[in-house]
């Protein structure tokens with residue numbers, strides 16, 4: 001089983017921010033694969049630039065899911081994330097989508113990520129990764145969405 005992390009950016013050089021995040025994560029976690037990068041309009045808070053999104057697959061580390069989430073939050077800060085507007089524009093956004101087939105619901109972390117199944121910009125890139133073959137047997141994925149995304153060229 002694998003750890004799946006969603007990355008997103010809608011400020012500045014979006015592709016550079018995704019690549020920086022992937023580089024940092026790959027130094028601390030064992031990298032397996034990356035999806036293509038997708039572009040999508042914002043959801044929830046709409047008055048902001050379009051996002052670039054990518055999903056990364058890693059081996060599950062010896063750390064706990066909460067410890068990895070803390071590492072992702074630190075990485076966001078390192079890369080310049082500012083949380084002044086909830087769900088607003090951001091240089092980088094890092095979310096744990098799946099920790100294998102684990103289900104968890106704590107104050108700090110919910111697995112699988114609670115809104116991923118409704119988001120084209122998460123499910124479509126996720127479906128490109130090798131570990132998706134296992135996930136699709138354990139979880140119910142749909143491929144019809146109220147939001148859109150497309151791979152960047």
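FYI, it's all coordinate maths here, none of it is from the lab. Values in this document were obtained by computation on a predicted structure and should not be read as measured data. In this analysis, Cβ positions are derived from the backbone assuming ideal geometry, glycine residues included, and neighbour counts consider all displayed protein chains.
Can you give the helix-only mean residue ellipticity at 222 nm for the chain, where every DSSP H stretch with n ≥ 4 adds -39500 (n - 2.57) and the sum goes over all residues, rounded to the nearest 500 deg cm²/dmol?
For the chain, the value works out to -8500 deg cm²/dmol.
Along each principal axis of its Cα atoms, how long is the range 68-152 end to end? Whole angstroms, biggest number first, please.
Here the spans come out as 37, 30, 21 Å, largest first.
When you take every Cα atom in the range 1-117, what is the radius of gyration, and what is Dmax, the widest Cα pair distance, in Å?
Cα only, the range 1-117: 13.5, 40 Å (Rg, Dmax).
What nm distance separates the two modelled labels at residue 142 and residue 1, each placed 7 Å from Cα along Cα→Cβ?
2.5 nm
Return the whole-Å distance between the Cα centroid of the range 1-19 and the Cα centroid of the range 135-153.
17 Å
How high is the FRET efficiency from residue 108 to residue 47, r the C-beta distance, R0 22 Å, rounded to 0.05?
The pair residue 108/residue 47 has a calculated efficiency of 0.15.
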